[in-house]
Amino acid sequence: MQFITPSDTSSNPPCVATIGFFDGVHKGHLFLIEQVCRLAKAQQSAAMLITFRRHPRQVMQTQYRPQLLSTLDEKCHLLSQTSADYCAILDFTKAMSELTARDFMEQVLKKQLNVKTLVIGYDHRFGHNRSEGFTDYVQYGQAMGMDVIKAEAMLIGEIAVSSSVIRTFLTGGEVEMAAKCLSRPYALEGTVVPGFQEGRKLGFPTANIAVNDPLKLIPGRGVYAARITLPEHSATYMGMVNIGIRPTMENQIEHETIETHVLDYQGGLYGQHLKIEFLKRLRDERKFRSKADLTKQLETDAAFVRTLNETNTNPS
């Protein structure tokens, strides 16, 4: 795949394209991209994906903080693994936000990106105020020599897979359903920072994680089984992750922390980079009557995590 920007698109070949933010690059996106690639092959054209560097709402609403399923780097990596030929990354600006759907199709899609066939996601809208819909896009396309086609939705059971649906699953702690929609476990990456070292006193030392991108969505409070990757060691371990406020500890905090116990790992982790893949929600975070009761529960949690088989935790 070749990544391009509007500044270097003058020589683009005619293409079949689709447009979207592609947050998470989930199964719904992959299904849409497959349709684009099949159509491009049938038309002997290039397949192009068109996305944005920042979430468009961040330009329109400066205080808006999206809960992202993927960073820009993660998104580009995932898109690069598809069969599309090009990915155009647009900088969404105030001027672009004021374009009507027709002007956007004419000035950006046709003139800059040489789109001959546009495949629209089943629920996608664009243009100023997003007031126009698929019928309008078809009409505008006919006037400028661009075919506009509506893509089919990707369903898991009766659920139409979308980024918003996945966010709902994650904030509710349903990481297994999120993984089915993503086709992979949801992951966070971050750096280990100093904590209170209370876990060490209980026999379960934890790594306190500062997430790299503050806009990444944090799953709902609770205790999770996870796969932990330590890139510096080229090693992967199983682990337990607690997201919450540690209600059993005397030095309870008001803001959420992400604390990870890496099973069977010996050594310090401060300053190291970790990747956490959420496999299963084990239980709610709750206040125990004593630290001894908490330790007993942690031992039960660890025993369960050890029984998890990778083949049973990978989404289908």
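The values are calculated or read from the model by the stated rules, or taken from the named source; none is laboratory data. Values in this document were obtained by computation on a predicted structure and should not be read as measured data. Backbone-built Cβ (ideal geometry, glycine too); neighbour counts: all protein chains shown. With ligands, DNA and RNA removed, areas are computed over all heavy atoms of the protein, side chains included. Shrake-Rupley method; radii C 1.70, N 1.55, O 1.52, S 1.80 Å.
For a quick protection proxy, order the peptides 226-232, 154-160 by their average other-Cβ count within 10 Å, most packed first. Numbers along the way, then the final one.
Values: 226-232: 19.1, 154-160: 12.1.
Ranking, from highest mean packing down: 226-232, 154-160.
What net charge is computed for the residues neighbouring T93, neighbours being all others with C-beta under 15 Å from the C-beta of T93, Lys and Arg scored +1, Asp and Glu -1? Can you show the working numbers first?
Numbers: positive: R53, R54, R57, K94; negative: D91, E98, D103.
Every neighbour counted, the sum reads +1.
Residues of the chain: accessible area per residue at 1.4 Å, in Å²? If you can, show how the numbers build up before the last one.
Values: 15640 Å² over 316 residues.
On a per-residue basis, the chain sits at 49 Å².
Tally the DSSP beta bridges in the chain and give the antiparallel ones as a percent, rounded to 5. If you can, show how the numbers build up before the last one.
Values: 35 of 57 bridges.
Here the antiparallel bridges make up roughly 60 percent for the chain.
Within the set K27/K111; K180/K280; K75/K110; K216/K275; K150/K180; K94/K116, which residue pairs have Cα atoms separated by over 20 Å? If you can, show how the numbers build up before the last one.
On the way: K27/K111 30 Å; K180/K280 12 Å; K75/K110 24 Å; K216/K275 13 Å; K150/K180 24 Å; K94/K116 26 Å.
Pairs exceeding 20 Å: K27/K111; K75/K110; K150/K180; K94/K116.
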